[in-house]
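J.: This is the structure, below, for whatever I ask next.
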Amino acid sequence: MIAAQPAPLDLDLARTALVIIDMQRDFLLPGGFGESLGNDVTLLQRVVAPLTELLAAARAAEMLVIHTREGHLPDLSDCPPAKLNRGAPSQRIGDPGVYGRILIRGEYGHDIVDELAPAAGEVVIDKPGKGAFYATDLDAVLAEHGITQLLVTGVTTEVCVHTTTREANDRGFECIVVSDCVGSYFPEFQRVGLEMIAAQGGIFGWTAPSGVLIAALTDQSAASPSTTVPDTAVS
């Protein structure tokens, strides 16, 4: 049982996965796509340290870890015009950027920041949309591992984190959004985004700080014998 908002939650760690959403260089690094749109990337970078600690605890507890990356095929065939035409004309998806073509799979900027780089055996989901379930194999991966609960982390709180949480909620998963391990370029969106998840008795899920979850995972690591993590990768 963990302390969470709007109420304590019985967390079954054996059926829980850590989902790390879009912690990509294009969004987090100075000079990247996020900053080119006028955003303060330091607001997202604050997520890295607590998320690194949570990821280490999840790995020690041999929890299923899933990373996502938003991006598109080099020919942009999976990027609809309604998405492609957003943003400044000189800084749109597929255009040259500081870290390669913006949000294109295989480019340096598309990949995850070094501090949170996936380890061998961790799942990587490449997604063309905001939500991690749309046009991906995420649902099948979770079913294969018997997952019923998700620790949702990453960026941005009001866009890809919210979309994924709502998608998961509709599919019957219990979602705990880790409040200090999600971030937004807009402080007000961060605050309201977290409040929306836990409103009305947890309409989309629960929120909890990383310290509560790290403590639970640490207890699990101490209590459980070592097992082998499946060598699974999806993209």
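The values are calculated or read from the model by the stated rules, or taken from the named source; none is laboratory data. All of these numbers come straight from a predicted model, not from anything done at the bench. Counting neighbours? That spans all protein chains shown, and the Cβs are built from the backbone with ideal geometry, glycine included. The protein model used for the area step is the full one, side chains on, heavy atoms only, and it has no ligands, DNA or RNA in it. Shrake-Rupley method; radii C 1.70, N 1.55, O 1.52, S 1.80 Å.
J.: Can you tell me which residue among PRO74, PRO8 is at pLDDT 95 or above, open to solvent by 70 Å² or more (accessible area, probe 1.4 Å) and in contact with a Lys or Arg (Cβ under 9 Å, 6 or more places away or on another chain)?
T.: Unique residue meeting the criteria: PRO74.
J.: Here's another thing I want to ask about it. Would you pick out the residues in region 100-129 that are of a type in the set (D, E, K, R) and either part of a strand (DSSP E or B) or touching a strand residue (DSSP E or B) at 6+ places or on another chain (Cβ under 7 Å) (or both)?
T.: Let us first name the residues in region 100-129 that are of a type in the set (D, E, K, R), namely 101, 105, 107, 111, 114-115, 122, 126-127.
Passing the criteria: ARG101, ARG105, GLU107, ASP111, GLU122, ASP126, LYS127.
J.: Another question, if that's okay. Pull up region 176-214, narrow it to residues that are of a type in the set (S, T, N, Q) and open to solvent by less than 50 Å² (accessible area, probe 1.4 Å), then point me to the one that is farthest from GLU158 (Cα to Cα).
T.: Step by step, filter region 176-214, then rank; the result is SER210.
J.: Right, something else. On the basis of being in contact with a helix residue (DSSP H, G or I) (Cβ under 8 Å, 6 or more places away or on another chain), open to solvent by less than 50 Å² (accessible area, probe 1.4 Å), closer than 20 Å to PRO209 by Cβ and not in a strand (DSSP E or B), does THR153 make the cut?
T.: Judged against the criteria, THR153 is not a match.
Here's the yes/no breakdown for (1) assigned to a loop (DSSP other than H, G, I, E, B); (2) of a type in the set (A, V, I, L, M, F, W, C); (3) closer than 17 Å to GLN24 by Cβ:
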site: THR52; (1), (2), (3): no, no, yes
site: ALA58; (1), (2), (3): no, yes, no
site: VAL65; (1), (2), (3): no, yes, yes
site: THR68; (1), (2), (3): no, no, yes
site: ALA132; (1), (2), (3): yes, yes, yes
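J.: Looking at (1) open to solvent by less than 40 Å² (accessible area, probe 1.4 Å); (2) out of contact with any strand residue (DSSP E or B) (no Cβ under 7 Å at 6 or more places or on another chain); (3) of a type in the set (S, T, N, Q), which is the one condition that is false for THR165?
T.: With (1) open to solvent by less than 40 Å² (accessible area, probe 1.4 Å); (2) out of contact with any strand residue (DSSP E or B) (no Cβ under 7 Å at 6 or more places or on another chain); (3) of a type in the set (S, T, N, Q) applied to THR165, the lone miss is (2).
Yes or no, residue by residue, for (1) closer than 21 Å to PRO118 by Cβ; (2) polar (S, T, N, Q):
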position: VAL19; (1), (2): yes, no
position: ARG25; (1), (2): yes, no
position: ASP40; (1), (2): no, no
position: GLY71; (1), (2): yes, no
position: SER77; (1), (2): no, yes
position: ALA82; (1), (2): no, no
position: ARG86; (1), (2): no, no
position: VAL98; (1), (2): no, no
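J.: Does ALA61 count as surrounded by 20 or more Cβ atoms within 10 Å (Cβ to Cβ), small (Gly, Ala, Ser) and more than 16 Å from the chain's Cα centre (by Cα)?
T.: yes
Let's see how each residue does on (1) within 18 Å of the chain's Cα centre (by Cα); (2) within 17 Å of GLN24 (Cα to Cα); (3) at pLDDT 95 or above; (4) not hydroxyl-bearing (Ser, Thr, Tyr):
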position	(1), (2), (3), (4)
GLY146	no, no, yes, yes
THR157	yes, yes, yes, no
ASP170	yes, no, yes, yes
VAL177	yes, no, yes, yes
TYR185	yes, yes, yes, no
GLY193	yes, no, yes, yes
ILE197	yes, no, yes, yes
ILE203	no, no, yes, yes
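J.: Looking at GLN91, GLN5 in this structure, which one is closer than 17 Å to LEU213 by Cβ, more than 19 Å from the chain's Cα centre (by Cα) and among the polar types (S, T, N, Q)? Even if it seems obvious, please write down each step before you answer.
T.: Details: GLN91 fails: closer than 17 Å to LEU213 by Cβ.
Exactly one residue qualifies, and that residue is GLN5.
J.: Shifting gears a bit: Please tell me if VAL141 is touching a His at 6+ places or on another chain (Cβ under 6 Å), buried (at least 17 other Cβ atoms within 10 Å of the Cβ), touching a residue at least 40 places away in the same chain (Cβ under 8 Å) and not in a loop (DSSP other than H, G, I, E, B).
T.: no
J.: Where residues in region 77-91 are part of a loop (DSSP other than H, G, I, E, B) and either touching a Phe, Trp or Tyr at 6+ places or on another chain (Cβ under 8 Å) or within 18 Å of GLY34 (Cβ to Cβ) (or both), which of them is most open to solvent (accessible area, probe 1.4 Å)?
T.: This residue is ARG86.
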